[in-house]
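Novice: So that we are looking at the same thing, I have put the structure below in structure tokens.
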There are 2 protein chains.
Amino acid sequence: MNKLESAGHNIYFDTRLAPLAEIIENGKYSNVFVFADRNTAELCLPVFREMLDDFSGFDLIETDPGEENKNIDFCIGIWKTLLDFGADRKCLVINLGGGVITDMGGFVASTYKRGVDFINIPTTLLSQVDASVGGKTGIDIDNVKNMVGTFSLPQAVFIEAEFLKTVPQREMLSGFAEMIKHGLIADQEYYYQLKAADYKNITTAAIHRSVEIKNEVVTADPQEKGLRKILNFGHTIGHAVESYSLSKDKKPLTHGEAIAIGMICEAYLSHKNSTLTAEELEEIRQYISKVYPAYKIKEKSFAQLSVFMQSDKKNEHGNVLFSLLQSIGKCTYNCRVSESDIVESLEYYNLTYAK
Amino acid sequence: MNKLESAGHNIYFDTRLAPLAEIIENGKYSNVFVFADRNTAELCLPVFREMLDDFSGFDLIETDPGEENKNIDFCIGIWKTLLDFGADRKCLVINLGGGVITDMGGFVASTYKRGVDFINIPTTLLSQVDASVGGKTGIDIDNVKNMVGTFSLPQAVFIEAEFLKTVPQREMLSGFAEMIKHGLIADQEYYYQLKAADYKNITTAAIHRSVEIKNEVVTADPQEKGLRKILNFGHTIGHAVESYSLSKDKKPLTHGEAIAIGMICEAYLSHKNSTLTAEELEEIRQYISKVYPAYKIKEKSFAQLSVFMQSDKKNEHGNVLFSLLQSIGKCTYNCRVSESDIVESLEYYNLTYAK
Ligand SMILES: NC(=O)c1ccc[n+]([C@@H]2O[C@H](COP(=O)([O-])OP(=O)(O)OC[C@H]3O[C@@H](n4cnc5c(N)ncnc54)[C@H](O)[C@@H]3O)[C@@H](O)[C@H]2O)c1
Ligand SMILES: NC(=O)c1ccc[n+]([C@@H]2O[C@H](COP(=O)([O-])OP(=O)(O)OC[C@H]3O[C@@H](n4cnc5c(N)ncnc54)[C@H](O)[C@@H]3O)[C@@H](O)[C@H]2O)c1
Ligand SMILES: [Zn+2]
Ligand SMILES: [Zn+2]
């Protein structure tokens, strides 16, 4: 239970980083770097140190927090910092932070001198249940998300519930949306378990199940050629709403809040274009709208949302393709959906909250 | 003879790009881009077009030529250009140019949207016999060579002697140094064949043998953990001399000229620290100094050269490690050499030309 094997590496759960010391020792690393943002350097680094018996044999590389800093300028800065520290190919980078840190740190490590080892210690719920598996690294260019990146596997991943203690509730809910998604696309029982439990008290067992589901999907399709697309459920519309909100709203939606909206819309599309029943659609709508705050998708944004969907990097040959539920716990992919159905699904979402 | 299998892809020789049309068709690419520098856009693109029966189904992305433009700013520009063209994950990048273009184009392609397909058409002798094999991509940061890059394999490589017709003689000699190296480290007969032939008329058969040798070495050690280091023969001192010359000389040495110097020095070290005989050392010294122009390694540069060697990215844990010849055609690696021997080898080189 406290270990899960992923492609070529282990994901450890609540081990208090016990296996890390051995990994560092066996790796005979010339240098160890911890990469963190200002928040995780403050809140997570002391916990990290304590777990490792005051281990201090590393240099800290710190960046500014937030998606807006997941960019190439920071990468250049980190590459140069590694060089200034004399880092050679046998160094190790430990990414301690949320998805921004593990994505950007993974990208920097996988390209510094054509690739050095790295270890991920995701410290937000979102990064634990999602960014922890699949080998995706990435950065944004000109605010285009993950426009540049690699597929590169860490040496190991450590998931520690203790780090979540300092994560704000809104960020927890953001990650929780991905867990609901995992249930919806792959495990009906897990979905109902999540619903039955208190979403304010997320257990390591639940995180473990989410990671397991994502791992199974990713292992079956490491290069995102097919099956892996089911992980995009809720994300085609969700990403568009997220981008729109980022550019327009004073207090933009979190990723999970946007995905929650996307899941309701895409459940609607699943009902209209696949085999999801009316009852299942209603079940999903009710539960998600109970957990997540209401949001109004403005009608005048519909055209812009469509543009965002068109430029989604998962598209091929210019078609917008959806992953749709066949039932709660089963998902299919590469589904074409008409423009008018997409608009209907947005209106359906708005009605939900108007009720 | 006109095809060589490398890790997962083919290297074609003098096929006039015949297999390329099929590769493009089978790949069902959404977009095809040709990446070239100003020189290869002028000199090689017309040849490319002609070979492909006036194929025009691509967009050209052009950069400024030269090592100083193999940098992250150009990469950002190319990533953005791809995005502006609406390039998705199913696009194809064809790198048409010397090692700068294949290295940088390979890096951009292997990271754009976490990796799109690319094909290399190396158009200089150096890039044909060296950069064509091994899956290394890279760019320089702050003039630190190949500080950032990936290991990524192209879909195919096309080596066409016709492109060499416009390559200046000095650039040809630069690539020829790598061919001599291939003979010295792995194939005595090939070395003597190169010596017997006219170095001003390099045959496709010779290029093929060089590529084959590099391919065998690289295939045996894809991640550069051991054996592959024999390809660094001549490069530990050669790179240092090259860097020094770049920073100080009005008309800096080419890579090959620097490696030629490095090979004489490291042959000396091979005689002193390994089993290369005095006769073999003399053979190497004589032949290389016949082909390459004399150069004076200034005594006051010795300390700086030592600093450059220390920072060579092939080092581990701060030791300068050499690849040394056991005989002509056999090479060993990870050899430690004393500071004073290194200085002696530089003096030996200087004496060579004083003779
Ligand atoms: N690689 C993948 O497969 C994958 C999957 C999903 C998401 N992502 C990426 O992850 C990013 C989003 O992840 P995120 O939400 O973790 O972002 P994040 O790293 O920006 O973290 C959110 C905020 O929480 C702070 N924080 C982190 N850990 C904390 C802790 N323990 N206590 C208190 N505060 C803490 C951070 O400093 C930040 O301000 C996006 O860039 C997304 O693209 C990647
Ligand atoms: N990836 C690898 O394994 C590997 C191996 C060796 C070298 N390299 C890299 O290759 C680069 C050097 O290669 P290079 O010497 O080909 O550099 P280059 O690409 O700069 O080419 C040298 C010059 O020749 C011009 N040129 C190219 N093709 C021509 C043609 N057919 N006719 C006339 N002019 C032409 C170019 O515009 C340039 O000005 C370095 O950056 C080096 O790091 C990579
Ligand atoms: Zn998501
Ligand atoms: Zn070389």
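The values are calculated or read from the model by the stated rules, or taken from the named source; none is laboratory data. Being a predicted model, the structure only gives us computed values, none of them experimental. Cβ coordinates were reconstructed from backbone atoms using ideal geometry, including for glycine residues, and neighbour counts include every protein chain displayed. The area values use the complete protein model at the heavy-atom level, side chains included, leaving out ligands, DNA and RNA. Shrake-Rupley method; radii C 1.70, N 1.55, O 1.52, S 1.80 Å.
Novice: With respect to A:VAL133, determine if the residue is more than 10 Å from chain B (Cβ to nearest Cβ) and touching a residue at least 24 places away in the same chain (Cβ under 8 Å).
Specialist: Spelling it out, A:VAL133 is indeed more than 10 Å from chain B (Cβ to nearest Cβ) and touching a residue at least 24 places away in the same chain (Cβ under 8 Å).
Novice: While we're looking at this one, here's another question. Hey, among B:LEU126, B:LEU82, which residue is under 21 Å from B:GLU216 (Cα atoms) and either away from chain A (no Cβ under 11 Å) or over 21 Å from the mean Cα position of the chain (by Cα) (or both)? Don't jump to the end; show me each part of the working.
Specialist: Values: B:LEU82 fails: under 21 Å from B:GLU216 (Cα atoms).
Going through B:LEU126, B:LEU82 in turn, the sole match is B:LEU126.
Novice: Give the number of residues within the stretch B:174-203 that are of a type in the set (Asp, Glu), part of a helix (DSSP H, G or I) and open to solvent by 10 Å² or more (accessible area, probe 1.4 Å).
Specialist: 1
Novice: Here's another thing I want to ask about it. Only residues that are open to solvent by less than 10 Å² (accessible area, probe 1.4 Å) and not hydrophobic (A, V, I, L, M, F, W, C): list them for the stretch A:204-214, please.
Specialist: Answer for the stretch A:204-214, where residues must be open to solvent by less than 10 Å² (accessible area, probe 1.4 Å) and not hydrophobic (A, V, I, L, M, F, W, C): just A:SER210.
Novice: Answer yes or no as to whether A:ILE141 is of a type in the set (A, V, I, L, M, F, W, C) and closer than 23 Å to A:ALA18 by Cα.
Specialist: Values: of a type in the set (A, V, I, L, M, F, W, C): yes; closer than 23 Å to A:ALA18 by Cα: no.
No, not satisfied.
Residues checked against (1) within 16 Å of ligand 1 (Cβ to nearest atom); (2) away from every other protein chain (no Cβ under 14 Å); (3) surrounded by fewer than 23 Cβ atoms within 10 Å (Cβ to Cβ):
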residue	(1), (2), (3)
B:GLU224	no, no, yes
B:LEU227	no, yes, yes
B:SER247	no, yes, yes
B:LEU269	no, yes, no
B:SER274	no, yes, yes
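Novice: Please work out if B:ASP88 is more than 16 Å from ligand 3 (Cβ to nearest atom), in contact (Cβ under 8 Å) with a residue 40 or more places away in the chain and either more than 24 Å from A:ASP140 (Cα to Cα) or open to solvent by 70 Å² or more (accessible area, probe 1.4 Å) (or both).
Specialist: no
Novice: Another one. Could you list, in sequence order, all residues of the stretch A:136-157 that are under 15 Å from the mean Cα position of the chain (by Cα) and either more than 14 Å from every other protein chain (Cβ to nearest Cβ) or within 16 Å of ligand 3 (Cβ to nearest atom) (or both)?
Specialist: Residues satisfying the conditions are A:LYS136, A:THR137, A:GLY138, A:ASP140, A:LYS145, A:ASN146, A:GLY149, A:VAL157.
Residue by residue, here is whether (1) assigned to a helix (DSSP H, G or I); (2) among the hydrophobic types (A, V, I, L, M, F, W, C); (3) touching an Asp or Glu at 6+ places or on another chain (Cβ under 7 Å) holds:
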position: A:ILE264; (1), (2), (3): yes, yes, no
position: A:LYS272; (1), (2), (3): yes, no, yes
position: A:LEU276; (1), (2), (3): no, yes, no
position: A:LEU281; (1), (2), (3): yes, yes, no
position: A:ILE284; (1), (2), (3): yes, yes, no
position: A:SER289; (1), (2), (3): yes, no, no
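Novice: Could I ask something else about it? Considering the stretch B:38-73 alone, what residues qualify as being within 14 Å of chain A (Cβ to nearest Cβ) and either without any contact (Cβ under 8 Å) to a residue 40 or more places away in the chain or charged (D, E, K, R) (or both)?
Specialist: So the first thing to find is which residues in the stretch B:38-73 are within 14 Å of chain A (Cβ to nearest Cβ), and the list is B:71-73.
Within the stretch B:38-73, B:ASP73 is the sole residue that qualifies.
Novice: Out of all the residues in the stretch B:9-22, which are open to solvent by 40 Å² or more (accessible area, probe 1.4 Å) and away from ligand 2 (no atom under 16 Å from the Cβ)?
Specialist: Result: B:ALA18, B:ALA21, B:GLU22.
Novice: Return the residues of the stretch A:94-114 that are β-branched (Val, Ile, Thr) and either more than 17 Å from A:VAL133 (Cα to Cα) or facing chain B (nearest Cβ under 10 Å) (or both); say none if nothing qualifies.
Specialist: Of everything in the stretch A:94-114, those that are β-branched (Val, Ile, Thr) and either more than 17 Å from A:VAL133 (Cα to Cα) or facing chain B (nearest Cβ under 10 Å) (or both) turn out to be A:VAL108, A:THR111.
Novice: All but one of (1) within 14 Å of chain A (Cβ to nearest Cβ); (2) surrounded by fewer than 18 Cβ atoms within 10 Å (Cβ to Cβ) hold for B:SER306, so report the exception by its number.
Specialist: Just one mismatch for B:SER306, condition (1).
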